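The values are calculated or read from the model by the stated rules, or taken from the named source; none is laboratory data. Model, not experiment: these values are computed from the prediction. Here Cβ is always computed from backbone atoms with ideal geometry, including for glycine, and neighbour counts include all displayed protein chains. Each accessible area value is taken on the protein alone, full model and side chains, heavy atoms only, with ligands, DNA and RNA left out. Shrake-Rupley method; radii C 1.70, N 1.55, O 1.52, S 1.80 Å.
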Amino acid sequence: MQIRAFIQVVEQGSVSRAADELFRTQSAVTRAIRDLELRLAVPLFERHAGGMMLTDFGKCVLPRARRALAELHQVPLRLARLRGRPAHGEAEPLWLFNVRRLQIFITLCQTRHMQTVAAQLGLSQPAVSAALKVLENGAGLALLERTPYGMMPSLAGREMEPNIRRALNELGHIPADIAARRGVLAGTVRIGALPLGRTRLLPQAIIRLTARYPAVRVITNESAFGALAAEMRAGDIDFIFGALRNSNDAADITRETLFREEMVLLARRDHPLATQPLCADNLRRARWVLPRAATPARHLLDGCFRAMGIPAPEPVVESGDLALVRGLLLHSEMVAAVSAHQLEHELASGELVVLPLALPDTGRDIGLTCRTGCLHSPAAQAMIDCLREVCAEGRHQAGLPAGALPATE
(Lines give C-alpha, C1' and ligand atoms only; values in the text may rest on other atoms or scores of the structure.)
Protein backbone atom coordinates (compact mmCIF):
# COMPACT_ATOMS: atom_id res chain seq x y z
CA MET A 1 0.00 0.00 0.00
CA GLN A 2 2.95 2.34 0.63
CA ILE A 3 4.29 1.59 -2.83
CA ARG A 4 0.84 2.24 -4.29
CA ALA A 5 0.68 5.63 -2.56
CA PHE A 6 4.23 6.44 -3.71
CA ILE A 7 3.39 5.76 -7.37
CA GLN A 8 0.21 7.80 -7.24
CA VAL A 9 2.01 10.81 -5.75
CA VAL A 10 4.54 10.54 -8.59
CA GLU A 11 1.84 10.30 -11.23
CA GLN A 12 -0.42 12.99 -9.79
CA GLY A 13 2.33 15.37 -8.70
CA SER A 14 0.87 16.10 -5.27
CA VAL A 15 -0.41 14.38 -2.16
CA SER A 16 -3.86 15.93 -2.47
CA ARG A 17 -4.45 14.72 -6.01
CA ALA A 18 -3.04 11.30 -5.10
CA ALA A 19 -5.43 11.12 -2.13
CA ASP A 20 -8.37 11.87 -4.42
CA GLU A 21 -7.25 9.17 -6.84
CA LEU A 22 -6.81 6.62 -4.06
CA PHE A 23 -10.01 7.62 -2.18
CA ARG A 24 -7.95 8.17 0.96
CA THR A 25 -7.27 11.16 3.17
CA GLN A 26 -4.24 13.36 2.58
CA SER A 27 -2.92 12.48 6.01
CA ALA A 28 -3.09 8.75 5.20
CA VAL A 29 -1.13 9.23 1.94
CA THR A 30 1.41 11.48 3.69
CA ARG A 31 1.86 8.84 6.40
CA ALA A 32 2.32 6.08 3.81
CA ILE A 33 5.07 8.07 2.06
CA ARG A 34 6.75 8.90 5.36
CA ASP A 35 6.68 5.26 6.48
CA LEU A 36 8.15 4.12 3.16
CA GLU A 37 10.94 6.68 3.43
CA LEU A 38 11.70 5.53 6.97
CA ARG A 39 11.69 1.91 5.86
CA LEU A 40 14.12 2.60 3.02
CA ALA A 41 16.09 5.20 5.03
CA VAL A 42 16.16 7.65 2.10
CA PRO A 43 14.10 10.71 1.07
CA LEU A 44 11.94 9.91 -1.94
CA PHE A 45 10.48 13.38 -2.54
CA GLU A 46 11.45 17.01 -2.26
CA ARG A 47 8.49 19.03 -1.01
CA HIS A 48 7.84 22.24 -2.99
CA ALA A 49 4.99 24.69 -3.07
CA GLY A 50 4.15 23.45 -6.56
CA GLY A 51 4.08 19.79 -5.63
CA MET A 52 6.23 16.77 -4.87
CA MET A 53 9.43 16.25 -6.85
CA LEU A 54 11.26 12.94 -6.92
CA THR A 55 14.74 12.80 -5.43
CA ASP A 56 17.46 10.73 -7.09
CA PHE A 57 16.57 7.95 -4.65
CA GLY A 58 12.92 8.24 -5.62
CA LYS A 59 13.86 7.94 -9.29
CA CYS A 60 15.85 4.85 -8.36
CA VAL A 61 12.90 3.22 -6.56
CA LEU A 62 10.20 4.09 -9.10
CA PRO A 63 10.95 1.48 -11.84
CA ARG A 64 10.93 -1.41 -9.34
CA ALA A 65 7.79 -0.08 -7.66
CA ARG A 66 5.94 0.14 -10.95
CA ARG A 67 7.03 -3.32 -12.02
CA ALA A 68 5.97 -4.86 -8.69
CA LEU A 69 2.48 -3.36 -8.88
CA ALA A 70 2.17 -4.27 -12.55
CA GLU A 71 2.79 -7.92 -11.64
CA LEU A 72 0.07 -7.82 -8.97
CA HIS A 73 -2.37 -6.12 -11.34
CA GLN A 74 -1.96 -9.09 -13.69
CA VAL A 75 -3.26 -11.53 -11.07
CA PRO A 76 -7.01 -10.73 -11.31
CA LEU A 77 -6.75 -10.78 -15.11
CA ARG A 78 -5.18 -14.25 -15.03
CA LEU A 79 -7.82 -15.48 -12.58
CA ALA A 80 -10.59 -14.03 -14.75
CA ARG A 81 -9.29 -15.96 -17.75
CA LEU A 82 -9.15 -19.06 -15.58
CA ARG A 83 -12.86 -18.64 -14.83
CA GLY A 84 -13.61 -18.07 -18.51
CA ARG A 85 -14.57 -14.41 -18.02
CA PRO A 86 -13.43 -11.48 -20.18
CA ALA A 87 -10.05 -10.27 -18.92
CA HIS A 88 -11.01 -6.63 -18.42
CA GLY A 89 -12.76 -4.41 -15.93
CA GLU A 90 -11.23 -6.14 -12.91
CA ALA A 91 -11.03 -4.05 -9.73
CA GLU A 92 -7.67 -3.05 -8.31
CA PRO A 93 -6.46 -6.05 -6.24
CA LEU A 94 -6.06 -4.34 -2.88
CA TRP A 95 -6.18 -7.77 -1.23
CA LEU A 96 -2.73 -8.41 -2.73
CA PHE A 97 -1.14 -5.18 -1.51
CA ASN A 98 0.38 -6.61 1.66
CA VAL A 99 3.92 -7.97 1.58
CA ARG A 100 3.55 -10.27 4.58
CA ARG A 101 0.39 -11.76 3.14
CA LEU A 102 2.19 -12.49 -0.12
CA GLN A 103 5.16 -13.98 1.75
CA ILE A 104 2.78 -16.29 3.61
CA PHE A 105 1.24 -17.48 0.34
CA ILE A 106 4.60 -18.15 -1.34
CA THR A 107 5.97 -19.94 1.73
CA LEU A 108 2.83 -22.08 1.88
CA CYS A 109 3.35 -23.03 -1.76
CA GLN A 110 6.92 -24.03 -0.93
CA THR A 111 6.46 -25.86 2.38
CA ARG A 112 2.82 -27.03 1.99
CA HIS A 113 2.48 -26.94 5.76
CA MET A 114 0.82 -24.17 7.76
CA GLN A 115 2.73 -24.76 11.00
CA THR A 116 6.05 -24.66 9.15
CA VAL A 117 5.09 -21.33 7.59
CA ALA A 118 4.15 -19.92 10.98
CA ALA A 119 7.49 -21.02 12.45
CA GLN A 120 9.53 -19.68 9.52
CA LEU A 121 7.85 -16.27 9.51
CA GLY A 122 7.47 -15.91 13.27
CA LEU A 123 3.68 -15.89 13.18
CA SER A 124 0.89 -17.78 14.88
CA GLN A 125 -0.96 -20.43 12.90
CA PRO A 126 -4.26 -18.47 13.15
CA ALA A 127 -2.47 -15.47 11.60
CA VAL A 128 -1.33 -17.62 8.68
CA SER A 129 -4.86 -19.01 8.25
CA ALA A 130 -6.35 -15.50 8.36
CA ALA A 131 -3.92 -14.24 5.70
CA LEU A 132 -4.77 -17.15 3.43
CA LYS A 133 -8.47 -16.52 3.92
CA VAL A 134 -8.08 -12.87 2.86
CA LEU A 135 -6.27 -13.95 -0.30
CA GLU A 136 -8.85 -16.59 -1.15
CA ASN A 137 -11.72 -14.18 -0.54
CA GLY A 138 -10.05 -11.66 -2.81
CA ALA A 139 -9.38 -14.24 -5.51
CA GLY A 140 -12.84 -15.76 -5.18
CA LEU A 141 -11.20 -19.16 -5.51
CA ALA A 142 -9.45 -21.72 -3.32
CA LEU A 143 -5.71 -21.18 -3.64
CA LEU A 144 -4.47 -24.19 -1.70
CA GLU A 145 -6.04 -27.61 -1.27
CA ARG A 146 -5.52 -30.05 1.60
CA THR A 147 -4.15 -33.37 0.36
CA PRO A 148 -2.35 -36.36 1.95
CA TYR A 149 0.87 -34.67 0.78
CA GLY A 150 0.16 -31.35 2.47
CA MET A 151 -1.43 -28.12 1.27
CA MET A 152 -0.96 -28.17 -2.50
CA PRO A 153 -1.51 -25.07 -4.65
CA SER A 154 -4.74 -25.27 -6.62
CA LEU A 155 -4.93 -24.37 -10.30
CA ALA A 156 -5.70 -20.78 -9.28
CA GLY A 157 -2.82 -20.78 -6.81
CA ARG A 158 -0.40 -22.02 -9.46
CA GLU A 159 -1.72 -19.43 -11.90
CA MET A 160 -0.97 -16.46 -9.64
CA GLU A 161 2.21 -17.73 -7.93
CA PRO A 162 4.71 -16.56 -10.62
CA ASN A 163 3.34 -13.00 -10.58
CA ILE A 164 3.54 -12.82 -6.81
CA ARG A 165 7.10 -14.20 -6.82
CA ARG A 166 8.16 -11.60 -9.38
CA ALA A 167 6.50 -8.79 -7.42
CA LEU A 168 8.28 -9.77 -4.20
CA ASN A 169 11.59 -10.12 -6.01
CA GLU A 170 11.22 -6.66 -7.56
CA LEU A 171 10.62 -5.18 -4.10
CA GLY A 172 13.54 -7.17 -2.73
CA HIS A 173 15.90 -5.51 -5.21
CA ILE A 174 15.07 -1.96 -4.05
CA PRO A 175 17.60 -1.81 -1.16
CA ALA A 176 20.40 -2.93 -3.50
CA ASP A 177 19.33 -0.32 -6.07
CA ILE A 178 19.51 2.37 -3.38
CA ALA A 179 22.92 1.14 -2.22
CA ALA A 180 24.18 1.30 -5.81
CA ARG A 181 22.90 4.87 -6.12
CA ARG A 182 25.02 5.66 -3.07
CA GLY A 183 28.03 4.12 -4.78
CA VAL A 184 28.05 0.82 -2.91
CA LEU A 185 27.38 -2.28 -4.98
CA ALA A 186 25.79 -4.89 -2.74
CA GLY A 187 23.15 -7.59 -2.83
CA THR A 188 22.93 -11.18 -3.99
CA VAL A 189 23.27 -12.56 -7.51
CA ARG A 190 21.43 -15.82 -8.19
CA ILE A 191 22.76 -17.68 -11.21
CA GLY A 192 21.39 -20.73 -12.95
CA ALA A 193 24.64 -22.55 -13.78
CA LEU A 194 24.55 -25.11 -16.59
CA PRO A 195 27.46 -27.58 -17.02
CA LEU A 196 29.24 -25.88 -19.92
CA GLY A 197 29.95 -22.73 -17.95
CA ARG A 198 30.75 -24.10 -14.52
CA THR A 199 34.32 -25.33 -14.88
CA ARG A 200 36.30 -22.19 -15.71
CA LEU A 201 34.30 -19.30 -17.10
CA LEU A 202 31.79 -18.82 -14.29
CA PRO A 203 34.39 -19.26 -11.50
CA GLN A 204 36.67 -16.70 -13.17
CA ALA A 205 33.81 -14.23 -13.52
CA ILE A 206 32.73 -14.73 -9.89
CA ILE A 207 36.31 -14.17 -8.67
CA ARG A 208 36.48 -10.97 -10.69
CA LEU A 209 33.10 -9.74 -9.45
CA THR A 210 33.76 -10.39 -5.77
CA ALA A 211 37.21 -8.82 -5.98
CA ARG A 212 35.69 -5.63 -7.38
CA TYR A 213 32.65 -5.61 -5.11
CA PRO A 214 33.30 -7.40 -1.80
CA ALA A 215 29.76 -6.76 -0.54
CA VAL A 216 28.18 -8.86 -3.32
CA ARG A 217 27.18 -12.47 -2.65
CA VAL A 218 26.71 -15.11 -5.34
CA ILE A 219 24.39 -18.12 -5.17
CA THR A 220 24.42 -20.72 -7.94
CA ASN A 221 21.74 -23.24 -8.80
CA GLU A 222 22.82 -26.33 -10.76
CA SER A 223 19.41 -27.76 -11.65
CA ALA A 224 18.34 -28.89 -15.13
CA PHE A 225 17.48 -26.18 -17.64
CA GLY A 226 13.71 -26.64 -17.34
CA ALA A 227 13.75 -26.11 -13.59
CA LEU A 228 16.11 -23.14 -13.91
CA ALA A 229 13.91 -21.53 -16.56
CA ALA A 230 10.86 -21.85 -14.28
CA GLU A 231 12.72 -20.19 -11.41
CA MET A 232 14.01 -17.46 -13.72
CA ARG A 233 10.50 -16.74 -14.95
CA ALA A 234 9.43 -16.33 -11.31
CA GLY A 235 12.33 -13.97 -10.62
CA ASP A 236 14.04 -16.37 -8.20
CA ILE A 237 17.07 -16.63 -10.53
CA ASP A 238 18.59 -13.57 -12.20
CA PHE A 239 19.82 -15.35 -15.33
CA ILE A 240 21.10 -18.69 -16.66
CA PHE A 241 24.64 -19.19 -17.93
CA GLY A 242 25.54 -22.16 -20.12
CA ALA A 243 24.48 -23.85 -23.33
CA LEU A 244 21.69 -21.91 -25.04
CA ARG A 245 18.50 -23.63 -26.09
CA ASN A 246 17.50 -23.01 -29.70
CA SER A 247 13.77 -22.90 -29.13
CA ASN A 248 12.21 -19.77 -30.62
CA ASP A 249 8.76 -20.32 -29.14
CA ALA A 250 9.51 -18.75 -25.75
CA ALA A 251 8.73 -15.08 -26.26
CA ASP A 252 9.43 -14.35 -22.60
CA ILE A 253 13.08 -15.47 -22.82
CA THR A 254 16.01 -13.75 -24.53
CA ARG A 255 19.38 -15.31 -25.33
CA GLU A 256 22.83 -13.77 -25.80
CA THR A 257 25.64 -15.85 -27.32
CA LEU A 258 29.05 -15.29 -25.72
CA PHE A 259 31.00 -18.01 -27.53
CA ARG A 260 30.62 -21.22 -29.51
CA GLU A 261 32.47 -24.50 -29.02
CA GLU A 262 32.63 -27.92 -30.69
CA MET A 263 32.59 -31.15 -28.71
CA VAL A 264 35.57 -33.54 -28.57
CA LEU A 265 36.13 -37.17 -27.59
CA LEU A 266 38.09 -37.58 -24.35
CA ALA A 267 39.70 -40.60 -22.69
CA ARG A 268 42.48 -41.23 -20.19
CA ARG A 269 46.02 -40.92 -21.57
CA ASP A 270 46.75 -44.68 -21.67
CA HIS A 271 43.37 -45.62 -23.16
CA PRO A 272 43.66 -48.23 -25.96
CA LEU A 273 41.85 -45.90 -28.40
CA ALA A 274 44.51 -43.25 -27.84
CA THR A 275 46.90 -45.31 -30.02
CA GLN A 276 44.50 -47.27 -32.22
CA PRO A 277 42.71 -46.16 -35.39
CA LEU A 278 39.25 -44.83 -34.59
CA CYS A 279 37.35 -47.08 -36.99
CA ALA A 280 33.62 -47.73 -36.83
CA ASP A 281 34.12 -51.10 -35.11
CA ASN A 282 36.30 -49.61 -32.37
CA LEU A 283 33.80 -46.82 -31.77
CA ARG A 284 30.92 -49.28 -31.54
CA ARG A 285 32.80 -51.38 -28.98
CA ALA A 286 33.77 -48.37 -26.87
CA ARG A 287 32.20 -47.89 -23.47
CA TRP A 288 30.53 -44.50 -23.67
CA VAL A 289 29.65 -41.80 -21.17
CA LEU A 290 27.16 -39.52 -22.91
CA PRO A 291 24.89 -36.61 -21.99
CA ARG A 292 21.40 -37.58 -20.91
CA ALA A 293 18.89 -38.53 -23.57
CA ALA A 294 16.77 -35.67 -24.97
CA THR A 295 19.37 -33.03 -24.07
CA PRO A 296 20.61 -30.70 -26.84
CA ALA A 297 24.15 -32.13 -26.58
CA ARG A 298 22.88 -35.68 -27.04
CA HIS A 299 20.83 -34.72 -30.08
CA LEU A 300 23.90 -33.11 -31.66
CA LEU A 301 26.05 -36.16 -31.00
CA ASP A 302 23.49 -38.59 -32.37
CA GLY A 303 23.19 -36.48 -35.53
CA CYS A 304 26.97 -36.26 -35.85
CA PHE A 305 27.43 -40.04 -35.75
CA ARG A 306 24.60 -40.60 -38.21
CA ALA A 307 26.24 -38.11 -40.60
CA MET A 308 29.48 -40.12 -40.36
CA GLY A 309 27.60 -43.32 -41.19
CA ILE A 310 28.12 -44.71 -37.68
CA PRO A 311 25.19 -45.81 -35.50
CA ALA A 312 24.70 -43.59 -32.49
CA PRO A 313 26.62 -45.19 -29.58
CA GLU A 314 24.78 -46.87 -26.74
CA PRO A 315 25.97 -45.29 -23.48
CA VAL A 316 27.05 -47.24 -20.43
CA VAL A 317 26.41 -44.09 -18.38
CA GLU A 318 24.24 -41.05 -19.11
CA SER A 319 25.16 -38.04 -16.99
CA GLY A 320 25.60 -34.28 -17.09
CA ASP A 321 27.56 -34.24 -13.84
CA LEU A 322 31.11 -33.20 -14.68
CA ALA A 323 32.68 -34.60 -11.51
CA LEU A 324 31.15 -37.99 -12.27
CA VAL A 325 32.27 -37.91 -15.91
CA ARG A 326 35.80 -36.96 -14.83
CA GLY A 327 35.99 -39.84 -12.36
CA LEU A 328 34.71 -42.35 -14.90
CA LEU A 329 37.22 -41.25 -17.53
CA LEU A 330 40.22 -41.26 -15.19
CA HIS A 331 39.51 -44.65 -13.63
CA SER A 332 38.09 -46.72 -16.47
CA GLU A 333 38.31 -47.27 -20.20
CA MET A 334 35.19 -45.22 -20.85
CA VAL A 335 35.08 -42.50 -23.51
CA ALA A 336 33.11 -39.26 -23.23
CA ALA A 337 32.02 -36.56 -25.66
CA VAL A 338 32.21 -33.17 -23.95
CA SER A 339 33.40 -29.63 -24.57
CA ALA A 340 37.15 -29.61 -23.98
CA HIS A 341 37.22 -26.58 -21.70
CA GLN A 342 35.06 -28.48 -19.21
CA LEU A 343 38.02 -30.74 -18.43
CA GLU A 344 40.86 -28.48 -19.51
CA HIS A 345 42.84 -28.93 -16.28
CA GLU A 346 43.00 -32.69 -16.85
CA LEU A 347 43.94 -32.13 -20.49
CA ALA A 348 46.69 -29.68 -19.54
CA SER A 349 48.12 -32.13 -17.00
CA GLY A 350 48.02 -34.99 -19.50
CA GLU A 351 45.64 -37.12 -17.43
CA LEU A 352 43.12 -37.00 -20.28
CA VAL A 353 43.69 -36.76 -24.03
CA VAL A 354 41.59 -35.74 -27.00
CA LEU A 355 41.02 -38.70 -29.31
CA PRO A 356 41.81 -37.98 -32.98
CA LEU A 357 38.26 -37.90 -34.30
CA ALA A 358 36.55 -34.65 -35.20
CA LEU A 359 32.90 -34.25 -34.23
CA PRO A 360 31.54 -31.88 -36.90
CA ASP A 361 28.31 -29.98 -36.39
CA THR A 362 28.38 -30.44 -32.61
CA GLY A 363 29.04 -26.77 -31.89
CA ARG A 364 26.90 -25.22 -29.20
CA ASP A 365 26.25 -21.58 -28.43
CA ILE A 366 27.17 -20.77 -24.85
CA GLY A 367 25.88 -17.64 -23.19
CA LEU A 368 23.21 -15.91 -21.16
CA THR A 369 19.51 -16.70 -20.92
CA CYS A 370 17.38 -13.97 -19.35
CA ARG A 371 13.72 -13.17 -18.84
CA THR A 372 12.57 -10.76 -21.54
CA GLY A 373 12.20 -7.23 -20.21
CA CYS A 374 13.70 -8.00 -16.80
CA LEU A 375 15.42 -5.18 -14.91
CA HIS A 376 18.60 -6.69 -13.51
CA SER A 377 19.78 -5.64 -10.08
CA PRO A 378 23.07 -3.70 -10.10
CA ALA A 379 24.90 -6.77 -8.74
CA ALA A 380 23.39 -9.08 -11.38
CA GLN A 381 24.30 -6.61 -14.13
CA ALA A 382 27.87 -6.45 -12.80
CA MET A 383 28.02 -10.27 -12.86
CA ILE A 384 26.85 -10.31 -16.47
CA ASP A 385 29.48 -7.72 -17.38
CA CYS A 386 32.19 -9.90 -15.78
CA LEU A 387 31.03 -12.94 -17.74
CA ARG A 388 31.17 -10.95 -20.97
CA GLU A 389 34.68 -9.78 -20.11
CA VAL A 390 35.96 -13.29 -19.33
CA CYS A 391 34.55 -14.73 -22.55
CA ALA A 392 35.83 -11.80 -24.64
CA GLU A 393 39.32 -12.16 -23.16
CA GLY A 394 39.36 -15.88 -24.01
CA ARG A 395 38.53 -15.06 -27.62
CA HIS A 396 41.09 -12.26 -27.78
CA GLN A 397 43.93 -14.36 -26.36
CA ALA A 398 43.34 -16.99 -29.01
CA GLY A 399 42.85 -14.45 -31.80
CA LEU A 400 39.38 -15.80 -32.50
CA PRO A 401 36.40 -13.85 -33.85
CA ALA A 402 33.45 -12.91 -31.68
CA GLY A 403 31.34 -15.92 -30.80
CA ALA A 404 34.25 -18.40 -30.70
CA LEU A 405 36.35 -19.61 -27.82
CA PRO A 406 39.40 -21.87 -27.80
CA ALA A 407 38.79 -25.41 -26.58
CA THR A 408 41.79 -25.17 -24.26
CA GLU A 409 44.13 -22.44 -23.18
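Some points to look at:
- Nearest-10 value in Å² for the accessible area of residue 152, using the 1.4 Å probe: 50
- The residues of the chain expose, per residue, 48 Å² of accessible area to a 1.4 Å probe.
- Annotation: amide H-H contacts under 5 Å for residue 218 (H modelled 1.01 Å from N, sequence separation of 5 or more, or interchain): 189.
- Of 331, 345, the order by accessible heavy-atom surface (1.4 Å probe, DNA, RNA and ligands excluded), from most exposed downward, is 331, 345.
- For the set 73, 376, solvent exposure ranked by accessible area (probe 1.4 Å, protein chains only) runs largest to smallest as 73, 376.
- In Å², nearest 10: area of residue 269 left accessible to a 1.4 Å probe: 150
- Top of 242, 197, 122 by mean-square fluctuation, Gaussian network on the chain, Cα under 10 Å: 122
- Scaled against the 2.2 N^0.38 Å expected of a compact globular protein of N residues, the Cα radius of gyration of region 21-159 reads 1.27.
- Applying both filters, DSSP loop and at most 13 other Cβ atoms within 10 Å, to the trypsin sites (Lys or Arg not before Pro) of region 115-219 gives 182.
- Pairwise label distance in nanometres, residue 78 with residue 299, each label 7 Å out on the Cα-Cβ vector: 2.7
- Solvent exposure of residue 275, expressed as accessible area, is near 120 Å², computed with a probe of 1.4 Å over the protein chains only.
- Entry for Rg/Rh (Cα atoms, Kirkwood Rh) (calculated from the structure that is shown) out of [x] 1.00; [y] 1.07; [z] 0.96: [y]
- Computed FRET value (nearest 0.05) for residue 145 with residue 308, which takes r as the C-beta separation and R₀ as 56 Å: 0.55
- As a calculated quantity, the FRET efficiency between residue 385 and residue 276 at R0 = 60 Å, using C-beta atoms, amounts to about 0.80.
- The residue list 7, 36, 53 was ranked by how far each Cα lies along the charge dipole of region 1-54 toward its positive end, using unit charges on Cβ atoms, and 36 comes out on top.
- Whole-angstrom gap from region 206-244 to region 317-344, using each part's C-alpha centre: 24
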